[in-house]
Structures are given as structure tokens and as C-alpha cells.
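Take a look at the structure below.
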Amino acid sequence: MTYQGYLNEGTFLYIKARCQPKQWNPNELDFKVTSIELLPDVKEELVQKITIMIPLSVLNKELVTDLALLTKSHPGSTELYFKVTDDSDNNHMSVDLISRPIKLSIGRELITYLKERPELAFHIN
């Protein structure tokens, strides 16, 4: 088995596969794994950007400081975007911002921080 070394409990994998008709019975489908890689090894290639959506009502100095510390402590190649929204009236205005000088590596600490704050949302790619 070519991929036997990857099949360990708790290992996060990136698997590419295809579904195709079986060679000797075209009425049945066959699932063929074409490649297996460790997910941490391909994460930087696959994750190109993260957009963090911030309502204007929660945007304050503490939030900016927290995000600045998180991004500076995890440098990487992922582009960082912000979308600041103002839903206080019926206009639903938003401003898209890009942080050109700061690129980061998306890790567990950043994702946990964002998930623990229901007022914030994020989108990868």
C-alpha cells in the first residue's frame, strides 16, 4: 500500500481522489485515491487569504490590539483582508480593507480567537 505511512490515528490528511467507472464493470463506480499529503504541508499553498468581517459597533482599540498581536506573532504567506460593516441603519454599508504589509500563517490560535467572538466572522479564500 503506497500511502500506508499516512494512515495513523489523529493525522490530518489532504486527499485527492476521483470517482470513475470500474475497468471491468462500467456500471459500477470505483473510488481511486490519486495522492495523499499531510495537511500541514499543503495548508500554506491552499489558503491564499482570510477575510475578517468586523461590525463597526465592536471595532475598538482592544480588538485592533488583539488582532495586531495575533498577526505579528504568526507571520506567513496568507493575505489578510478586513470587511468593516455598519448595519446600524437600513443602508448596510461596508468597507473592504487589505493589509498589504502583513501576511500571516493561519493557525489554531487565530481560528480559536475568531470562533470565540460571535460578533466577528471570517472567510478563508
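The values are calculated or read from the model by the stated rules, or taken from the named source; none is laboratory data. Everything quoted here is computed from the prediction, not taken from an experiment. Neighbour counts run over all protein chains shown; Cβ positions are idealised from the backbone, glycine included.
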Discussion item. Being at pLDDT 90 or above and over 26 Å from LEU46 (Cα atoms) is the filter here; which residues of the range 1-21 pass it?
Written reply: PRO21
Worksheet item: Does the range 77-93 hold any residues that are exposed (fewer than 15 other Cβ atoms within 10 Å of the Cβ) and assigned to a strand (DSSP E or B), and which are they?
Response: SER77, ASP86, MET93
Practice prompt. Tally the residues that are of a type in the set (Phe, Trp, Tyr) and part of a strand (DSSP E or B), restricting the search to the range 1-33.
Written response: 2
Worksheet item: Given the conditions (1) loosely packed, with under 11 Cβ neighbours inside 10 Å; (2) out of contact with any Ser or Thr (no Cβ under 7 Å at 6 or more places or on another chain); (3) not aliphatic (A, V, I, L, M), which single one is not true for ASP30?
Response: (1)
Worksheet item: Only one of these conditions is not met by GLU44: (1) out of contact with any His (no Cβ under 9 Å at 6 or more places or on another chain); (2) part of a strand (DSSP E or B); (3) among the charged types (D, E, K, R). Which number is it?
Response: (2)
Worksheet item: Within the set of pairs 6+ apart or on separate chains, which have a first residue in the range 12-35 that is under 15 Å from THR2 (Cα atoms), a second that is assigned to a loop (DSSP other than H, G, I, E, B), and C-beta atoms under 8 Å apart?
Response: VAL33/TYR3
